[in-house]
1. Within the chain, what percent of beta bridges assigned by DSSP are antiparallel, to the nearest 5?
2. Please work out whether region 168-238 counts as rounded, prolate or oblate from its C-alpha gyration tensor, where a ≥ b ≥ c are the square roots of the eigenvalues and a/c under 1.5 means rounded, while otherwise a/b larger than b/c means prolate and anything else oblate?
3. How long is the gain from ASN32 to ILE86 if the chain were fully straight, where each residue apart is worth 0.36 nm and the alpha carbon distance is subtracted?
4. For the chain, take the longest principal axis of its alpha carbons; what is the angle in degrees between that and the long axis of helix 341-356, to the nearest 10 within 0 to 90?
5. For region 260-265, in order, what is each residue's ³J(HN,Hα) by Karplus, 6.51 cos²θ - 1.76 cosθ + 1.60 with θ = phi - 60°, in whole Hz (x at glycine and Pro)?
6. Starting from the 7 Å offset along Cα-to-Cβ, what nm value, one decimal, do you get for the label separation of HIS48 and SER355?
7. If each of LEU193 and ARG60 carries a label point 7 Å out from its Cα toward its Cβ, how far apart are those two points in nm?
8. Report the calculated FRET efficiency for ALA274 and GLU178 (r = Cβ-Cβ distance, R0 = 56 Å), to the nearest 0.05.
Amino acid sequence: MNGPHSDLRETARLAILWHGDHRARRDATPQNNRLNRVFEALAALGAHAEPAVYADDFVREVRDQLLQVDGVLVWVNPISEGQNRIALDAMLREVASKGVWVSAHPDVILKMGAKQVLYRTKHLGWGTDTHLYRTAEAFREQFPPRLQSSGPRVLKQNRGNGGQGVWKVELVSQFAGEDPVARVLHAPRGSMLEEVPLGEFMSRCEEYFAAEGCIVDQPFQPRLPDGMIRCYMGADKVIGFGHQLIKALIPPPPEGPGSEAAQPGPRIMHPASAPTFQALRTKMESEWTPQMMQLLGIDAESLPIIWDADFLYGPRTASGEDIYVLCEINVSSVFPFPEQAPSEIARLALARVRSSGKTRTACGPRVLQ
(Lines give C-alpha, C1' and ligand atoms only; values in the text may rest on other atoms or scores of the structure.)
Protein backbone atom coordinates (compact mmCIF):
# COMPACT_ATOMS: atom_id res chain seq x y z
CA MET A 1 0.00 0.00 0.00
CA ASN A 2 1.46 3.36 -1.06
CA GLY A 3 0.63 6.94 -0.17
CA PRO A 4 1.27 9.45 2.62
CA HIS A 5 -0.64 7.40 5.21
CA SER A 6 0.31 3.91 4.06
CA ASP A 7 2.25 3.01 7.22
CA LEU A 8 -0.52 4.37 9.42
CA ARG A 9 -3.19 2.49 7.47
CA GLU A 10 -1.49 -0.77 8.43
CA THR A 11 -0.56 -0.09 12.01
CA ALA A 12 -2.39 2.55 14.06
CA ARG A 13 -4.98 1.37 16.55
CA LEU A 14 -6.73 3.86 18.84
CA ALA A 15 -9.49 3.82 21.42
CA ILE A 16 -11.94 6.65 22.09
CA LEU A 17 -13.02 6.70 25.72
CA TRP A 18 -16.13 8.25 27.24
CA HIS A 19 -18.27 7.64 30.32
CA GLY A 20 -21.16 5.16 30.38
CA ASP A 21 -22.57 2.10 32.09
CA HIS A 22 -22.27 -1.63 31.38
CA ARG A 23 -25.04 -1.53 28.81
CA ALA A 24 -23.51 1.43 26.98
CA ARG A 25 -20.17 -0.37 26.88
CA ARG A 26 -21.75 -3.54 25.54
CA ASP A 27 -23.73 -1.75 22.84
CA ALA A 28 -21.17 0.88 21.78
CA THR A 29 -20.17 1.08 18.13
CA PRO A 30 -18.23 3.74 16.21
CA GLN A 31 -21.54 4.94 14.77
CA ASN A 32 -23.94 5.20 17.72
CA ASN A 33 -22.36 7.96 19.82
CA ARG A 34 -21.75 11.70 19.69
CA LEU A 35 -18.12 11.22 18.61
CA ASN A 36 -19.04 9.27 15.49
CA ARG A 37 -17.46 11.88 13.21
CA VAL A 38 -14.12 11.44 14.97
CA PHE A 39 -14.37 7.68 14.33
CA GLU A 40 -15.15 8.43 10.68
CA ALA A 41 -12.19 10.79 10.35
CA LEU A 42 -9.81 8.23 11.83
CA ALA A 43 -11.17 5.52 9.56
CA ALA A 44 -10.70 7.80 6.54
CA LEU A 45 -6.98 7.92 7.39
CA GLY A 46 -6.86 4.15 7.66
CA ALA A 47 -6.68 3.87 11.44
CA HIS A 48 -8.58 1.33 13.51
CA ALA A 49 -10.61 3.15 16.18
CA GLU A 50 -12.72 1.39 18.80
CA PRO A 51 -15.08 2.55 21.57
CA ALA A 52 -13.86 2.29 25.16
CA VAL A 53 -16.85 3.14 27.34
CA TYR A 54 -15.69 3.64 30.92
CA ALA A 55 -17.02 3.57 34.49
CA ASP A 56 -15.20 3.12 37.78
CA ASP A 57 -16.82 -0.23 38.49
CA PHE A 58 -15.19 -1.83 35.45
CA VAL A 59 -11.94 0.10 35.39
CA ARG A 60 -9.82 -3.08 35.11
CA GLU A 61 -11.70 -4.19 32.02
CA VAL A 62 -11.08 -0.86 30.30
CA ARG A 63 -7.44 -0.90 31.44
CA ASP A 64 -6.90 -4.27 29.78
CA GLN A 65 -8.51 -2.96 26.59
CA LEU A 66 -6.31 0.14 26.48
CA LEU A 67 -3.13 -1.89 26.94
CA GLN A 68 -3.87 -3.46 23.55
CA VAL A 69 -4.04 -0.18 21.60
CA ASP A 70 -1.46 2.40 20.57
CA GLY A 71 -3.29 5.43 21.88
CA VAL A 72 -6.47 6.67 23.52
CA LEU A 73 -8.46 9.88 23.12
CA VAL A 74 -10.44 10.69 26.29
CA TRP A 75 -13.74 12.59 26.68
CA VAL A 76 -14.71 12.54 30.39
CA ASN A 77 -15.69 15.59 32.47
CA PRO A 78 -14.01 16.26 35.84
CA ILE A 79 -17.40 15.95 37.59
CA SER A 80 -20.35 14.07 36.14
CA GLU A 81 -23.46 12.84 37.94
CA GLY A 82 -21.65 12.82 41.27
CA GLN A 83 -18.60 11.00 39.90
CA ASN A 84 -15.06 12.29 39.53
CA ARG A 85 -11.96 11.23 37.58
CA ILE A 86 -9.80 9.93 40.42
CA ALA A 87 -9.92 6.25 39.44
CA LEU A 88 -9.89 7.03 35.71
CA ASP A 89 -6.86 9.29 35.95
CA ALA A 90 -4.92 6.71 37.96
CA MET A 91 -5.66 4.10 35.30
CA LEU A 92 -4.71 6.44 32.44
CA ARG A 93 -1.40 7.25 34.13
CA GLU A 94 -0.72 3.53 34.43
CA VAL A 95 -1.43 2.71 30.79
CA ALA A 96 0.59 5.76 29.68
CA SER A 97 3.53 4.50 31.74
CA LYS A 98 3.32 1.22 29.83
CA GLY A 99 3.67 2.91 26.46
CA VAL A 100 0.11 3.84 25.44
CA TRP A 101 -0.21 7.41 24.14
CA VAL A 102 -2.96 9.28 26.10
CA SER A 103 -4.61 12.58 25.20
CA ALA A 104 -5.24 14.51 27.23
CA HIS A 105 -2.89 13.06 29.82
CA PRO A 106 -4.20 13.62 33.38
CA ASP A 107 -1.06 15.52 34.38
CA VAL A 108 -1.54 17.94 31.48
CA ILE A 109 -5.19 18.38 32.45
CA LEU A 110 -4.14 19.39 35.96
CA LYS A 111 -1.80 22.02 34.51
CA MET A 112 -4.15 23.42 31.88
CA GLY A 113 -7.71 22.44 32.66
CA ALA A 114 -7.96 23.29 36.35
CA LYS A 115 -9.09 26.83 37.21
CA GLN A 116 -5.75 27.45 38.94
CA VAL A 117 -4.34 28.14 35.46
CA LEU A 118 -6.23 31.45 35.49
CA TYR A 119 -4.08 32.58 38.39
CA ARG A 120 -0.80 31.15 37.12
CA THR A 121 -1.20 32.86 33.73
CA LYS A 122 -2.80 36.11 34.89
CA HIS A 123 0.17 38.18 33.73
CA LEU A 124 -0.32 37.04 30.13
CA GLY A 125 -2.36 39.23 27.84
CA TRP A 126 -5.50 37.20 28.53
CA GLY A 127 -5.33 37.73 32.30
CA THR A 128 -7.10 40.02 34.74
CA ASP A 129 -7.11 40.84 38.48
CA THR A 130 -7.06 37.19 39.56
CA HIS A 131 -6.42 35.84 43.06
CA LEU A 132 -6.02 32.37 44.50
CA TYR A 133 -7.10 31.05 47.92
CA ARG A 134 -5.43 27.78 48.90
CA THR A 135 -7.04 27.45 52.33
CA ALA A 136 -10.35 28.30 53.95
CA GLU A 137 -8.49 30.52 56.38
CA ALA A 138 -6.94 32.59 53.59
CA PHE A 139 -10.32 32.81 51.88
CA ARG A 140 -12.05 34.12 55.00
CA GLU A 141 -9.31 36.65 55.63
CA GLN A 142 -8.71 38.00 52.13
CA PHE A 143 -11.95 37.72 50.18
CA PRO A 144 -14.27 40.07 52.18
CA PRO A 145 -12.03 43.16 51.92
CA ARG A 146 -11.38 42.45 48.25
CA LEU A 147 -15.12 42.16 47.59
CA GLN A 148 -15.74 45.42 49.43
CA SER A 149 -13.06 47.36 47.58
CA SER A 150 -13.37 46.04 44.02
CA GLY A 151 -17.05 45.27 43.45
CA PRO A 152 -18.67 42.06 42.18
CA ARG A 153 -16.38 39.03 41.95
CA VAL A 154 -16.61 35.56 40.42
CA LEU A 155 -15.42 32.59 42.48
CA LYS A 156 -14.47 29.27 40.85
CA GLN A 157 -13.59 25.93 42.38
CA ASN A 158 -10.42 24.43 40.95
CA ARG A 159 -11.96 21.48 39.09
CA GLY A 160 -15.48 21.38 37.74
CA ASN A 161 -17.64 21.73 34.66
CA GLY A 162 -21.10 22.92 33.72
CA GLY A 163 -20.77 25.92 36.02
CA GLN A 164 -20.53 23.77 39.16
CA GLY A 165 -18.74 25.69 41.89
CA VAL A 166 -18.78 28.99 39.96
CA TRP A 167 -20.46 31.92 41.74
CA LYS A 168 -21.05 35.60 41.16
CA VAL A 169 -20.84 37.44 44.50
CA GLU A 170 -21.68 41.08 45.26
CA LEU A 171 -22.38 42.95 48.46
CA VAL A 172 -25.89 44.11 49.29
CA SER A 173 -25.03 45.71 52.64
CA GLN A 174 -21.68 47.14 53.65
CA PHE A 175 -19.57 46.14 56.63
CA ALA A 176 -20.90 47.78 59.79
CA GLY A 177 -19.79 45.53 62.60
CA GLU A 178 -22.11 42.72 61.48
CA ASP A 179 -21.87 40.05 58.85
CA PRO A 180 -22.75 41.84 55.58
CA VAL A 181 -25.34 40.44 53.21
CA ALA A 182 -24.18 39.18 49.84
CA ARG A 183 -26.16 38.54 46.68
CA VAL A 184 -24.93 35.28 45.13
CA LEU A 185 -25.79 33.45 41.92
CA HIS A 186 -24.57 29.97 41.02
CA ALA A 187 -23.64 29.43 37.36
CA PRO A 188 -25.51 26.15 36.56
CA ARG A 189 -28.66 26.57 34.52
CA GLY A 190 -31.79 27.10 36.60
CA SER A 191 -30.01 28.77 39.53
CA MET A 192 -31.78 31.54 41.45
CA LEU A 193 -30.40 34.65 43.08
CA GLU A 194 -29.92 34.37 46.83
CA GLU A 195 -29.24 36.96 49.50
CA VAL A 196 -27.33 35.41 52.38
CA PRO A 197 -24.89 36.56 55.07
CA LEU A 198 -21.44 36.61 53.50
CA GLY A 199 -20.00 34.42 56.25
CA GLU A 200 -22.66 31.77 55.65
CA PHE A 201 -21.94 31.73 51.92
CA MET A 202 -18.20 31.44 52.52
CA SER A 203 -18.83 28.46 54.80
CA ARG A 204 -20.61 26.75 51.89
CA CYS A 205 -17.51 27.24 49.76
CA GLU A 206 -15.20 25.49 52.22
CA GLU A 207 -15.93 22.15 50.55
CA TYR A 208 -13.97 23.39 47.52
CA PHE A 209 -10.76 23.15 49.56
CA ALA A 210 -11.13 19.38 50.05
CA ALA A 211 -8.54 17.08 48.45
CA GLU A 212 -6.01 19.91 48.00
CA GLY A 213 -8.58 22.06 46.21
CA CYS A 214 -8.55 25.84 45.98
CA ILE A 215 -10.70 28.79 44.89
CA VAL A 216 -9.88 31.22 42.10
CA ASP A 217 -11.27 34.77 42.34
CA GLN A 218 -11.75 37.08 39.33
CA PRO A 219 -13.63 40.35 38.78
CA PHE A 220 -17.06 40.04 37.21
CA GLN A 221 -16.99 41.18 33.57
CA PRO A 222 -19.83 43.66 32.86
CA ARG A 223 -19.80 42.75 29.15
CA LEU A 224 -20.90 39.19 29.95
CA PRO A 225 -24.24 39.75 28.11
CA ASP A 226 -22.21 40.26 24.90
CA GLY A 227 -21.46 36.56 24.98
CA MET A 228 -18.57 34.14 25.33
CA ILE A 229 -16.06 33.31 22.60
CA ARG A 230 -14.80 29.74 22.64
CA CYS A 231 -11.49 29.37 20.83
CA TYR A 232 -11.02 25.75 19.72
CA MET A 233 -7.43 24.54 19.54
CA GLY A 234 -5.92 21.54 17.79
CA ALA A 235 -2.66 21.32 19.76
CA ASP A 236 -1.14 24.80 19.22
CA LYS A 237 -3.26 25.96 16.26
CA VAL A 238 -6.74 27.46 16.19
CA ILE A 239 -9.23 25.22 14.37
CA GLY A 240 -12.39 27.28 14.90
CA PHE A 241 -14.45 29.52 17.13
CA GLY A 242 -17.83 29.40 18.81
CA HIS A 243 -19.76 32.48 19.94
CA GLN A 244 -22.65 32.08 22.36
CA LEU A 245 -24.93 34.44 24.27
CA ILE A 246 -24.74 32.81 27.68
CA LYS A 247 -27.04 33.25 30.66
CA ALA A 248 -24.79 31.88 33.40
CA LEU A 249 -24.22 34.44 36.20
CA ILE A 250 -26.93 36.68 34.73
CA PRO A 251 -30.01 37.04 36.98
CA PRO A 252 -32.96 35.08 35.58
CA PRO A 253 -35.78 37.06 33.94
CA PRO A 254 -39.12 37.63 35.70
CA GLU A 255 -40.52 34.56 33.92
CA GLY A 256 -38.15 32.39 35.96
CA PRO A 257 -34.97 30.34 35.37
CA GLY A 258 -36.83 27.68 33.44
CA SER A 259 -38.40 30.06 30.95
CA GLU A 260 -37.40 30.36 27.32
CA ALA A 261 -35.95 33.81 27.98
CA ALA A 262 -33.53 32.29 30.50
CA GLN A 263 -32.07 29.78 28.06
CA PRO A 264 -28.66 30.45 26.49
CA GLY A 265 -28.50 31.23 22.81
CA PRO A 266 -27.15 28.71 20.31
CA ARG A 267 -23.39 28.46 19.94
CA ILE A 268 -22.63 29.82 16.48
CA MET A 269 -19.60 28.08 15.03
CA HIS A 270 -17.06 29.91 12.88
CA PRO A 271 -13.99 28.65 10.99
CA ALA A 272 -10.51 29.60 12.10
CA SER A 273 -10.43 32.09 9.21
CA ALA A 274 -13.46 34.10 10.50
CA PRO A 275 -12.49 37.78 10.08
CA THR A 276 -14.13 38.83 13.36
CA PHE A 277 -11.73 36.72 15.43
CA GLN A 278 -8.42 37.12 13.60
CA ALA A 279 -6.91 39.33 16.30
CA LEU A 280 -7.76 36.66 18.90
CA ARG A 281 -6.39 33.92 16.65
CA THR A 282 -3.08 35.73 16.23
CA LYS A 283 -2.77 36.25 19.97
CA MET A 284 -3.55 32.60 20.72
CA GLU A 285 -1.16 31.10 18.19
CA SER A 286 1.72 33.59 18.35
CA GLU A 287 1.73 34.74 21.97
CA TRP A 288 -0.57 33.26 24.55
CA THR A 289 -0.31 29.52 23.82
CA PRO A 290 3.51 29.52 23.54
CA GLN A 291 3.77 31.61 26.70
CA MET A 292 1.38 29.29 28.55
CA MET A 293 3.36 26.23 27.44
CA GLN A 294 6.62 27.71 28.68
CA LEU A 295 5.12 28.82 31.98
CA LEU A 296 3.40 25.49 32.71
CA GLY A 297 6.19 23.27 31.42
CA ILE A 298 4.16 21.68 28.60
CA ASP A 299 6.01 20.65 25.45
CA ALA A 300 4.44 20.53 21.99
CA GLU A 301 4.04 16.75 22.04
CA SER A 302 2.07 16.90 25.30
CA LEU A 303 -0.49 19.54 24.27
CA PRO A 304 -3.99 18.05 24.09
CA ILE A 305 -5.21 17.10 20.63
CA ILE A 306 -8.39 19.12 21.24
CA TRP A 307 -8.89 21.83 23.86
CA ASP A 308 -10.54 25.21 24.07
CA ALA A 309 -10.08 28.56 25.77
CA ASP A 310 -13.21 30.47 26.78
CA PHE A 311 -13.03 34.25 26.63
CA LEU A 312 -15.29 37.04 27.81
CA TYR A 313 -15.13 40.56 26.47
CA GLY A 314 -13.23 42.91 28.74
CA PRO A 315 -13.50 46.71 28.62
CA ARG A 316 -12.71 48.10 25.18
CA THR A 317 -9.49 49.98 24.55
CA ALA A 318 -9.46 53.75 24.06
CA SER A 319 -9.58 53.13 20.29
CA GLY A 320 -12.61 50.83 20.61
CA GLU A 321 -10.84 47.49 20.15
CA ASP A 322 -12.03 44.44 22.07
CA ILE A 323 -10.04 43.00 24.95
CA TYR A 324 -10.39 39.28 25.65
CA VAL A 325 -10.36 37.94 29.22
CA LEU A 326 -9.77 34.22 29.78
CA CYS A 327 -12.43 32.68 32.02
CA GLU A 328 -11.76 28.95 31.54
CA ILE A 329 -9.74 26.35 29.67
CA ASN A 330 -11.50 23.10 28.79
CA VAL A 331 -9.34 20.04 28.23
CA SER A 332 -11.16 17.01 29.62
CA SER A 333 -14.22 16.77 27.34
CA VAL A 334 -14.47 19.34 24.55
CA PHE A 335 -17.83 18.95 22.81
CA PRO A 336 -19.47 20.14 20.61
CA PHE A 337 -16.77 21.43 18.27
CA PRO A 338 -16.57 22.99 14.78
CA GLU A 339 -17.23 20.81 11.74
CA GLN A 340 -13.56 20.84 10.73
CA ALA A 341 -12.42 19.57 14.14
CA PRO A 342 -12.81 15.79 13.60
CA SER A 343 -10.40 15.73 10.66
CA GLU A 344 -7.86 17.75 12.65
CA ILE A 345 -8.28 15.50 15.69
CA ALA A 346 -7.65 12.43 13.53
CA ARG A 347 -4.67 13.94 11.73
CA LEU A 348 -3.02 15.10 14.93
CA ALA A 349 -3.70 11.87 16.81
CA LEU A 350 -2.13 9.75 14.10
CA ALA A 351 0.85 12.06 13.86
CA ARG A 352 1.36 11.84 17.65
CA VAL A 353 1.10 8.06 17.71
CA ARG A 354 3.51 7.83 14.81
CA SER A 355 6.05 10.24 16.34
CA SER A 356 5.88 8.45 19.68
CA GLY A 357 7.04 5.24 18.05
CA LYS A 358 4.27 3.28 19.73
CA THR A 359 2.38 1.98 16.70
CA ARG A 360 2.20 -1.76 16.34
CA THR A 361 4.25 -3.37 13.60
CA ALA A 362 2.89 -5.37 10.71
CA CYS A 363 4.35 -8.58 12.14
CA GLY A 364 2.97 -8.37 15.66
CA PRO A 365 1.54 -6.33 18.50
CA ARG A 366 3.12 -3.21 19.97
CA VAL A 367 5.71 -4.03 22.55
CA LEU A 368 4.92 -2.39 25.88
CA GLN A 369 7.71 -0.08 27.04
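The values are calculated or read from the model by the stated rules, or taken from the named source; none is laboratory data. Note that this is a predicted model, so its numbers are computed, not measured. So basically every Cβ, Gly included, is an ideal-geometry build from the backbone, and we count neighbours across all protein chains shown. Accessible surface areas use protein heavy atoms only, side chains included; no ligands, DNA or RNA. Shrake-Rupley method; radii C 1.70, N 1.55, O 1.52, S 1.80 Å.
1. Antiparallel: roughly 75 percent of the beta bridges in the chain.
2. Numbers: a/c = 2.58, a/b = 1.68, b/c = 1.53.
Prolate is the answer for region 168-238, as a/c is 1.5 or above and a/b outweighs b/c.
3. Working: separation 54, 0.36 × 54 = 19.44 nm, distance 2.72 nm.
Once the chain is fully extended between ASN32 and ILE86, it gains 16.7 nm.
4. Long axis of 341-356 versus the principal axis of the chain: about 60 degrees.
5. 4, 5, 8, 7, x, x
6. Placing both labels 7 Å beyond Cα along the Cβ direction yields 2.5 nm.
7. Taking the two extended label points, one gets 5.5 nm.
8. 0.60
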